[in-house]
1. Do we find that residue 109 is within 16 Å of the ligand (Cβ to nearest atom) and surrounded by 24 or more Cβ atoms within 10 Å (Cβ to Cβ) in this structure?
2. Looking at residue 43, is it closer than 30 Å to residue 345 by Cβ and crowded, with 17+ Cβ neighbours inside 10 Å?
3. Restricting attention to region 54-64, does a residue exist that is touching a residue at least 60 places away in the same chain (Cβ under 8 Å), surrounded by fewer than 14 Cβ atoms within 10 Å (Cβ to Cβ) and over 27 Å from residue 130 (Cβ atoms)?
4. Is it the case that residue 81 is at pLDDT 90 or above and either over 21 Å from the mean Cα position of the chain (by Cα) or surrounded by fewer than 22 Cβ atoms within 10 Å (Cβ to Cβ) (or both)?
5. Can you tell me which residues in region 267-300 are over 21 Å from residue 377 (Cα atoms) and either in contact with a helix residue (DSSP H, G or I) (Cβ under 6 Å, 6 or more places away or on another chain) or within 16 Å of the ligand (Cβ to nearest atom) (or both)?
6. Tell me the strands (runs of 3 or more DSSP E) entirely within region 136-244 that contain at least 1 residues that are surrounded by fewer than 21 Cβ atoms within 10 Å (Cβ to Cβ).
Ligand SMILES: [Zn+2]
């Protein structure tokens with residue numbers, strides 16, 4: 001028999017409500033989760049099994065709900081430094097207003113912004129984050145490295161979507177020419193980023209996707225070659241798609257077809273692709289996504305903030321499309337939190353044609369956990385509380401003024417105020433305890449992001 005010293009370190013959480021988000025939506029009114037090393041060993045009703053060895057931590061979860069950790073599938077960390085600008089614009093006007101400022105970012109700014117974005121998400125129950133970074137001004141340092149470093153410091157699992165733009169204004173695109181890379185430069189840098197940071201192993205903390213920004217900022221050659229590159233390297237593909245009516249018009253004028261047909265013609269539909277927004281999709285577009293297994297990052301707050309419209313999430317789910325949730329960049333969603341997106345996804349979709357049948361609270365929780373894991377291609381590892389999966393989980397406090405009188409803990413989490421996080425584990429390692437990050441100093445991050453935001457504003461205004 002193995003001695004206690006040879007056993008993996010165990011954490012036992014018990015006496016809490018459990019929402020596993022497994023295939024059957026199994027829940028326990030009072031149950032337990034046992035973590036052994038980086039994985040979940042057991043989940044079930046009542047107390048944890050007796051006789052467990054090497055239990056290093058025992059958590060009484062009375063008054064709490066435990067769920068899988070939240071998975072964010074779309075974000076732009078650098079925008080943490082440009083929150084609260086152009087607050088009354090639609091997407092294209094907002095982009096044109098902000099591109100000149102964004103083009104002045106450098107490595108210290110990107111690192112601080114990533115720390116701010118990651119810290120905000122982690123303290124709100126995100127255990128897997130992603131950053132779609134597509135602004136790479138020349139000579140400004142290792143921006144991808146800075147973001148990966150910030151994710152390691154924060155302790156969350158991370159996907160870096162290495163973005164790019166090569167269609168400047170002079171080529172009919174939306175970004176100014178000084179904000180774009182060359183086709184060759186973007187492809188070479190993307191391949192180097194995959195080589196430097198992508199880890200495909202079980203429990204990987206860092207993965208990289210190939211992620212040209214959008215049809216209106218990227219050449220058709222970069223879309224095509226980007227898709228070929230991702231498939232040669234065996235990594236996923238990500239971009240923005242069908243976000244606004246203006247984008248749809250742009251695609252018809254420039255390519256003679258709508259966004260989904262354009263994506264299909266450039267190799268951008270498939271099981272290894274996920275796309276942000278997908279607001280303006282007709283029945284044929286939804287059928288094409290379902291046929292090819294293309295995933296969607298639904299970003300309800302950003303879509304509302306930029307008056308983009310309501311994505312047809314109920315129709316996507318009915319068609320079998322993988323759908324996750326995204327914060328989107330904090331220049332179009334100043335809160336930068338994912339747990340409030342559970343509620344916003346439900347509310348926004350109930351304003352659509354399906355009304356009260358649009359989404360249930362449990363479907364909203366599924367979007368933010370298992371749905372996100374599917375979209376990132378990691379459903380075998382994360383997204384539900386099941387034995388053998390990684391111990392990425394959140395213990396939400398439900399016994400305070402905000403939630404104590406709400407009968408159903410899942411409804412309380414989704415429909416109630418943002419719930420405090422008592423404990424968040426990533427691969428069995430505590431990242432948040434009693435609402436505070438253990439990994440980085442929140443106050444120091446707040447100070448550095450404020451300083452870097454001011455420096456960026458000064459540079460953008462032409463001051464040194
Ligand atoms: Zn975005």
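The values are calculated or read from the model by the stated rules, or taken from the named source; none is laboratory data. Here the structure is a predicted model, which is why all the values come from computation and not from measurement. Neighbour counts run over all protein chains shown; Cβ positions are idealised from the backbone, glycine included.
1. So residue 109 does not fit the description; no.
2. Against the criterion (closer than 30 Å to residue 345 by Cβ and crowded, with 17+ Cβ neighbours inside 10 Å), residue 43 qualifies.
3. yes
4. Answer is no for this residue.
5. 279, 280, 285, 300
6. Passing ranges, in order: 206-212.
Residue by residue, here is whether (1) touching a helix residue (DSSP H, G or I) at 6+ places or on another chain (Cβ under 6 Å); (2) within 16 Å of the ligand (Cβ to nearest atom) holds:
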residue	(1), (2)
69	no, no
76	no, yes
81	yes, yes
87	no, no
92	yes, yes
100	no, no
119	yes, no
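Yes or no, residue by residue, for (1) touching a helix residue (DSSP H, G or I) at 6+ places or on another chain (Cβ under 8 Å); (2) modelled with pLDDT under 95:
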position: 210; (1), (2): yes, no
position: 215; (1), (2): yes, yes
position: 219; (1), (2): yes, no
position: 231; (1), (2): no, no
position: 234; (1), (2): no, no
position: 247; (1), (2): yes, yes
